[in-house]
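Taken together, the values in this text are just the output of simple stated rules run on the coordinates, not laboratory data. Model, not experiment: these values are computed from the prediction. Note: ideal-geometry Cβ built from the backbone for every residue, glycine included; neighbour counts use all protein chains shown.
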Protein chains: 2
Amino acid sequence: MIATGGIGVFDSGIGGLTVFKALRRALPASERLIYLGDTARVPYGTKSDETVVRYALEGAAFLGRHGIKALVVACNTMSAVAVPALTRAHPFPIVGVIGPGAEVACHVTRSRVIGVIGTAATIKSQAYTRAIACHLPDARVTGRACPLFVPLAEEGWVDNDVARLVAREYLGDLRGGGLDTLVLGCTHYPLLKQVIGEAVGDGVTLVDSAEATAAVVRDRLRERGLLAPEGGGTAGRGADAGPPGDGDHFFVTDSSERFREVGSRFLGAPVARLELIDIAE
Amino acid sequence: MIATGGIGVFDSGIGGLTVFKALRRALPASERLIYLGDTARVPYGTKSDETVVRYALEGAAFLGRHGIKALVVACNTMSAVAVPALTRAHPFPIVGVIGPGAEVACHVTRSRVIGVIGTAATIKSQAYTRAIACHLPDARVTGRACPLFVPLAEEGWVDNDVARLVAREYLGDLRGGGLDTLVLGCTHYPLLKQVIGEAVGDGVTLVDSAEATAAVVRDRLRERGLLAPEGGGTAGRGADAGPPGDGDHFFVTDSSERFREVGSRFLGAPVARLELIDIAE
C-alpha cells in the first residue's frame with residue numbers, strides 16, 4: 001500500500017536544502033517533499049540541548065499535522081540531540097543525518113582515523129563518535145566545532161581569503177596524524193568544501209551526509225512499502241534533477257524574502273510555493 | 001516620588017551586557033537592573049522586521065510583568081525596528097541605543113562624513129541615517145552590514161588574523177573619502193574595536209552607543225523623578241564600577257550555561273542571579 005502523505009524535511013533554517021536536493025535526486029518525481037525551515041529561531045547549533053529538543057518537537061508536530069509519512073531531520077544539531085525524543089513522539093519513521101553520514105565515513109576510511117566537524121552542539125553531543133563506534137569500534141574520532149563556517153556560508157564567503165584563513169585556523173592541525181576521512185557534520189559545510197579540503201590536505205575524503213541520508217530514506221520507505229511509484233521517476237528527470245518538484249512545499253517561520261534569496265543559491269533553482277507560518281499555531 | 005521598579009535592559013542575547021555595564025556605571029548603586037537576553041532566538045539581526053517586532057513585544061511584556069519603571073532596548077536591531085511598536089504598547093519610558101549613538105556621532109564629526117556599521121537588519125532599516133539627519137541634515141552617512149562580526153566576537157576571535165582580514169574586507173574601502181566618525185551600531189562590535197580601528201585608519205573616531213545611551217537613561221529618569229537616590233551611588237563604587245549590583249537580575253530564554261561563560265567575558269565579572277525563563281509564559 002502506498003501512503004498518500006508527503007515526506008517532511010525539517011531544518012533549523014536554510015542549510016537543509018542540501019538534503020532536500022539530495023532527496024529530490026534519490027526519490028521518484030511523484031514523491032512530495034514538505035520542507036520546514038525554522039528561520040525565526042535559527043541557528044540551533046549554538047543553543048542548549050533542551051531548547052533544540054523543544055524546537056524539534058514543535059516543528060515535527062507542525063509537519064505531523066500536514067500528514068507526513070516520514071520525517072527527515074536535515075539539521076545535524078537536531079539529529080544529534082533530538083531524534084530519540086522525536087521517535088517517542090511520532091509513529092512515522094524518522095531519519096536523521098548522523099547515522100547515514102557516520103556509516104559512509106566508516107566505509108570510506110582506511111586509516112580508521114576520522115575527523116568530524118560541526119556546530120558546538122553537534123560536537124559536544126558526541127553523536128557522530130558514538131555512531132561511528134557502532135560500525136568501527138576501533139576508529140579514532142576527532143571532533144571539532146567550527147562555529148564561523150555557518151555565517152561564512154550564509155555571507156557567501158566560501159572561497160575567499162577569509163574562508164581559507166578560518167578553515168586553516170580550525171583544521172590546520174588535523175593534517176598528518178593519519179586522518180583520511182572528514183565528516184562535514186553540518187548542512188552548510190558542503191558549500192565550503194573547497195577551502196576545507198585545502199586546509200586538511202589532499203588524500204582526505206570529505207563526507208557529506210546529504211547523499212547518504214537520501215539513500216537511507218529511499219531504502220527505508222521501500223522496505224515499508226511507503227515509496228511513491230517509480231513510474232516517470234528520477235530517471236525521467238535526468239541525473240541533475242534536484243530542483244523542487246511540482247508537489248513540493250516550503251514553510252518558513254521568518255519572512256520568506258531572505259529564504260527565497262539564499263535558498264535559491266543552495267538549491268540552484270528558484271524556491272516556489274513558499275509560505276510563512278507560525279510554528280506554535 | 002521615586003518609583004520602586006527596576007530598569008529593564010532587553011537584548012536579543014549577550015551583547016547587551018555592554019549596555020548593562022555602562023548603565024551600572026552611570027546610575028546610582030541602589031538602582032536595580034533587570035536584564036533579559038532572548039538567547040533561545042538570538043540573533044535578531046538576520047531576521048525580518050515583523051519577527052523582530054514580535055519578539056520585542058513578547059520580551060517587553062515579560063519585563064513589564066516584573067514591574068519595570070523604564071525599558072532600555074540594548075539591541076541595535078530591536079532599537080532600529082521595534083521602538084515605535086514598544087512605545088505604543090507600554091506606558092513606561094523606552095530608550096533605544098540608536099538615538100543616543102547618532103547624537104554622539106553628530107557631536108564628534110568635523111567632516112560630516114559618518115559611517116555606520118551594524119547587522120543586516122539595522123543597516124537596512126536606515127534608522128541611524130534618519131537619526132543623524134535630525135541633528136545634521138547635511139551629513140553624508142554610509143551604512144555597512146558586517147554580519148561576521150557577531151560570530152567573531154562570540155568565538156572570542158577579536159584580535160587575530162581572521163578578525164583583521166574580515167574587518168579589512170568589510171571596511172577597507174571606507175578609508176579616505178573624508179570619513180572621520182564610525183558608529184559601532186551593534187553591541188558586539190566594541191569587542192572588535194582594535195581591528196575595526198585599524199581597518200578604517202587613524203583619525204576616525206569610533207562611537208560606542210552604550211555610554212551615550214546610559215547617559216540618556218540617567219537624564220530621562222532624573223527629569224521624570226524616577227531616579228533612585230544618589231546616596232552611596234556611583235561615586236562610592238569607583239570609576240570602574242560596572243559589575244552587577246546586589247539587586248540586579250538576569251533572565252535568559254536558553255540554557256544559562258553559555259550565557260554565564262560568554263557573559264562574564266563581556267561583563268568582566270561573574271554573572272550572578274541568572275534565571276532561565278520561557279518568554280511566552
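Rounded to the nearest 20 debye, the dipole size of the range B:99-209 about its Cα centre is 420 debye, using +1 on the Cβ of Lys and Arg and -1 on the Cβ of Asp and Glu. Here the dipole of the protein assembly as shown is about 340 debye; that uses its Cα centre as origin and unit charges on the Cβ of Lys and Arg (positive) and Asp and Glu (negative). Normalising the average separation of contacting C-alpha pairs (under 8 angstrom, six or more residues apart) by the number of residues puts the relative contact order of chain B at 28 percent.
Of B:151, B:100, B:28, the residue with the greatest mean-square motion in the GNM of chain B, using alpha carbon springs below 10 Å, is B:151. Counting Cβ atoms of other protein chains within 10 Å of each residue's Cβ and taking the mean over peptide A:31-42 gives 2. Of all lysines in the structure, the ones whose alpha carbon falls short of 21 Å from that of residue A:21, not counting any fewer than 8 places away in one chain, are A:69, A:193. Working from the Cα coordinates of the range B:158-208, the gyration tensor eigenvalues give, after taking √(5λ), semi-axes of 16, 14, 8 Å in decreasing order. Mean partner shielding of peptide B:178-184, defined as the number of other chain Cβ atoms within 10 Å of each residue Cβ, is 0.
Under a 10 Å cutoff between Cα atoms, tell me which one of A:97, A:73, A:81 has the largest fluctuation in the Gaussian network model of chain A. Its mean-square fluctuation being the largest, the pick is A:81.
May I ask you to compute the full-extension gain from residue A:135 to residue A:205, defined as 0.36 nm times their residue separation minus their alpha-carbon distance, rounded to one decimal in nm? Let's see the in-between values first.
Numbers: separation 70, 0.36 × 70 = 25.20 nm, distance 1.79 nm.
Here the answer is 23.4 nm.
Result for chain A in a Gaussian network model with C-alpha springs under 10 Å: among A:269, A:105, A:61, the largest mean-square fluctuation is at A:269. Taking the Cα centroid of the range A:78-153 and of the range B:122-177, what is the distance between the two, rounded to the nearest whole Å? The range A:78-153 and the range B:122-177 have Cα centres spaced 37 Å from each other. Can you compute the label reach from residue A:159? Point 7 Å from Cα along the Cβ direction, backbone N cut-off under 12 Å, restricted to the range A:187-216. Flagged as within label range: A:191-195.
Principal semi-axes of the equivalent ellipsoid, √(5λ) from the alpha carbon gyration tensor of the protein assembly as shown, are 44, 26, 23 Å from largest down. Long hydrophobic helices in chain B, taken as whole DSSP H segments with a C-alpha length of 20 Å or more on their own axis and mean Kyte-Doolittle hydropathy at least -1.0: B:49-65, B:209-223.
Dipole of the protein assembly as shown computed with +1 at Lys/Arg Cβ and -1 at Asp/Glu Cβ about the Cα centre; of B:67, A:96, B:252, farthest Cα towards the positive end is B:67.
Working note: Cα atoms of the range B:116-275, range along each principal axis, descending, whole Å: 49, 38, 29. The range A:6-73 and the range B:39-77 have their alpha-carbon centroids 27 Å apart. All other residues with a Cβ under 9 Å from the Cβ of residue B:180 taken together, and with Lys, Arg as +1 and Asp, Glu as -1, what is their net charge? Taking every other residue near residue B:180 into account, the sum is +2.
Estimated purely from DSSP H runs of n ≥ 4, each contributing -39500 (n - 2.57), the mean residue ellipticity at 222 nm for the protein assembly as shown is -13000 deg cm²/dmol once divided by its residues. Mean sequence separation of contacting Cα pairs (under 8 Å, at least six apart), scaled by the length of the range B:1-158, corresponds to a relative contact order of 21 percent. At q = 0.08, 0.10, 0.16 Å⁻¹ the log10 of I(q)/I(0) for chain B amounts to -0.30, -0.48, -1.27, computed by Debye summation with a single uniform scatterer per C-alpha, solvent ignored. Work out the charge dipole of the range A:8-88 with +1 on the Cβ of Lys and Arg and -1 on the Cβ of Asp and Glu about the Cα centre, then indicate which of A:86, A:22, A:48 is farthest towards its positive end. Most positive-ward Cα: A:22. Shielding of peptide A:46-53 by partners, expressed as the average count of other chain Cβ atoms within 10 Å per residue Cβ, is 5.
In the calculated pair distance distribution of the range B:99-209, what percentage of Cα-Cα distances lie above 26 Å? Walk me through the numbers on the way to the answer.
Values: 662 of 6105 pairs.
It works out to 11 percent of all Cα pairs.
With the charge dipole of the range B:99-209 set up from +1 on Lys and Arg Cβ and -1 on Asp and Glu Cβ about the Cα centre, the Cα lying farthest toward the positive end among the listed residues B:111, B:151, B:182 is that of B:111.
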